[in-house]
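Report on the following structure.
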Amino acid sequence: MRRLIATFVIAVLAALYVGYAIPSTGAAAAGHSVSLRDLSAEEAEISHNKILGCFIAGTYGPILRASTTSLVTNSAAVAWSAIRVEGLALEDYVSRTYHFQSRAADLTAAGEQLGTMLVNNATRSGLACASENPATAMAQFSPRLRLVLENLQAATTQFNAHQAGSWSTSTAGLTAYYSAHTHNYETVCLSLALVADTQVPAFSADRAAGVSPVNLIKKYSQAASASSGGAYGCFPPASSVAADTASVTTGQFTKAYPYAQGGMSYSIFFLVTSRQAAALSDVATVVYRDVFDYNNRASATFRASLVRDGNGRVNPHQGQLIVGASSINYGGPATLDASLVPGATALAGAAQG
């Protein structure tokens with residue numbers, strides 16, 4: 001009898017220990033939480049749906065990219081948890097600070113923004129699901145997961161609307177951002193002068209004396225294109241050339257860039273020969289990417305403080321949050337228990353489309 005009682009006590013204690021060691025909370029912040037069951041169900045949904053996994057990866061990072069050794073990768077599982085923690089903290093903040101509660105109209109608008117965002121970010125990342133349209137993107141979500149992300153998007157929109165320097169991702173907001181940064185969306189054509197360093201003083205003197213750029217190139221450039229005016233090429237808005245030459249007036253040279261070849265030292269001077277701004281409709285994806293990145297950079301420190309001050313945390317079997325001064329990162333657990341993700345299946349390359 002004593003042995004039976006002892007066995008019973010041990011079994012009860014073991015059950016209590018397991019219950020304590022694997023808490024039912026999956027993610028929490030600012031007094032709000034999502035259960036481990038619900039969090040695991042979300043992870044399973046994403047891992048099952050190739051297109052959904054692709055869209056989530058394009059916007060939120062490589063979530064649930066399955067490997068051959070784990071049904072759901074450790075880092076991916078806690079990455080999704082981190083998204084949920086930040087969402088809980090952000091939704092709590094806009095509720096307390098701006099008395100914002102998502103209504104049907106807010107969620108509808110958020111769904112439209114989210115669909116566009118998923119496609120734009122997939123395009124930006126070169127993922128296969130970029131060929132889909134926003135409606136197809138949103139159709140991949142179950143009603144529950146769609147509501148989760150619509151609430152997060154609505155809270156993010158409300159948050160950005162009150163942050164100094166943030167830009168709206170609405171059509172009006174993208175138009176305003178484009179108008180204020182048109183130089184970033186120009187096709188820029190350049191010529192160049194490849195000038196031996198020994199000739200730079202003479203080049204600079206003639207330049208100061210008013211010799212035309214074309215004649216300077218013909219006189220001093222040692223590039224093969226010198227006789228034809230140094231034509232170098234035209235660069236579209238997606239390249240970095242527009243931003244790099246934003247302060248250079250058309251018809252003027254850039255600063256000197258050092259160059260060495262065959263034991264000789266040269267200076268390259270680029271001449272901006274023309275600029276042509278692309279229509280907003282032609283660079284909408286690029287503009288959206290820039291607004292998305294700008295807002296994330298501008299609010300990174302504040303969002304990290306929301307998670308930190310709200311005691312943001314994830315289930316230890318999922319991993320751990322690492323909240324820095326202006327970043328929210330994550331570390332994986334030793335091993336993710338596959339039983340925590342009901343029905344998860346290996347889907348190699350889910351995030352690749």
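What is the calculated FRET efficiency for Ser170 to Arg37, with r their C-beta to C-beta distance and R₀ = 45 Å, to the nearest 0.05?
0.80
Taking K and R as +1 and D and E as -1, what net charge do the other residues with C-beta under 14 Å from the C-beta of Asn184 add up to? Walk me through the numbers before you get to the answer.
Numbers: positive: Arg275, Arg289; negative: Glu186, Asp244, Asp282, Asp290, Asp293.
Summing Lys and Arg as +1 and Asp and Glu as -1 gives -3.
Compute the length gained on full extension between Val200 and Gln261: take 0.36 nm times their separation in residues and subtract their Cα-Cα distance, giving the result in nm to one decimal.
Stretched fully, the Val200-Gln261 segment lengthens by 20.3 nm.
What does the highest-first list of 150-161, 166-177 look like by mean Cβ count within 10 Å?
Result, highest mean Cβ count within 10 Å first: 150-161, 166-177.
Using mean Cβ contacts within 10 Å as the protection proxy, how do 299-309, 268-278 order, highest first? Walk me through the intermediate numbers first.
Working: 299-309: 17.0, 268-278: 18.6.
My ranking of the peptides, most packed first, is 268-278, 299-309.
List the aspartates and glutamates whose Cα lies under 17 Å from the Cα of Lys218, skipping any in the same chain that are fewer than 8 positions away.
Asp197, Asp206
Can you give me the long-range amide H partners of Gly26? Hydrogens built in the peptide plane at 1.01 Å from N, cutoff under 5 Å, separation of 5 or more residues or another chain.
Val34, Ser35, Leu36
Can you list the residues, at least 5 places off or on another chain, whose amide H is less than 5 Å from the amide H of Ala278, using H built in the peptide plane?
Glu186, Thr187
What spacing in nm lies between the two simple spin-label points modelled at Ala279 and Ala298, each 7 Å away from Cα in the Cβ direction?
The answer from the label model is 2.8 nm.
When you have a sec, figure out the Kirkwood radius of segment 185-275 from all distinct Cα pair distances and drop it here in Å to one decimal? Before the final figure, lay out the partial values.
Values: mean 1/r = 0.0752 Å⁻¹.
The Cα-based Kirkwood calculation yields 13.3 Å.
Rank-order 255-262, 24-31, 46-53 by packing density, defined as the average count of other C-beta atoms within 10 Å over each peptide's residues, highest first.
Listed from highest to lowest mean packing, they are 46-53, 24-31, 255-262.
Express in % the proportion of alpha carbon pairs of segment 121-179 at distances exceeding 13 Å. Show your work: numbers first, answer last.
On the way: 1242 of 1711 pairs.
More than 13 Å apart: 73 percent of the Cα pairs in segment 121-179.
Any chance you could run the full-extension gain for Gln101 through Ala139? It's 0.36 nm times the residue separation minus the Cα-Cα distance, nm to one decimal.
11.3 nm
Per residue of segment 29-41, what does 6.51 cos²θ - 1.76 cosθ + 1.60 with θ = phi - 60° give for ³J(HN,Hα)? Whole Hz please, x for Gly and Pro, Karplus curve as stated.
Coupling constants for segment 29-41: 6, 6, x, 10, 8, 10, 5, 4, 4, 5, 4, 5, 5 Hz.
How big is the dipole moment of segment 185-275 about its Cα centre under a simple scheme where the beta carbon of each Lys and Arg is +1, that of each Asp and Glu is -1, and everything else is neutral? Debye, nearest 20, please. Let's see the in-between values first.
Details: 5 positive and 4 negative charges, 30 e Å.
Roughly 140 debye, rounded to the nearest 20.
Values in this text are rule-based calculations from the coordinates and carry no lab data. Note that this is a predicted model, so its numbers are computed, not measured. As a convention, Cβ positions derive from the backbone with ideal geometry for all residues, glycine included, and neighbour counts pool all protein chains shown.
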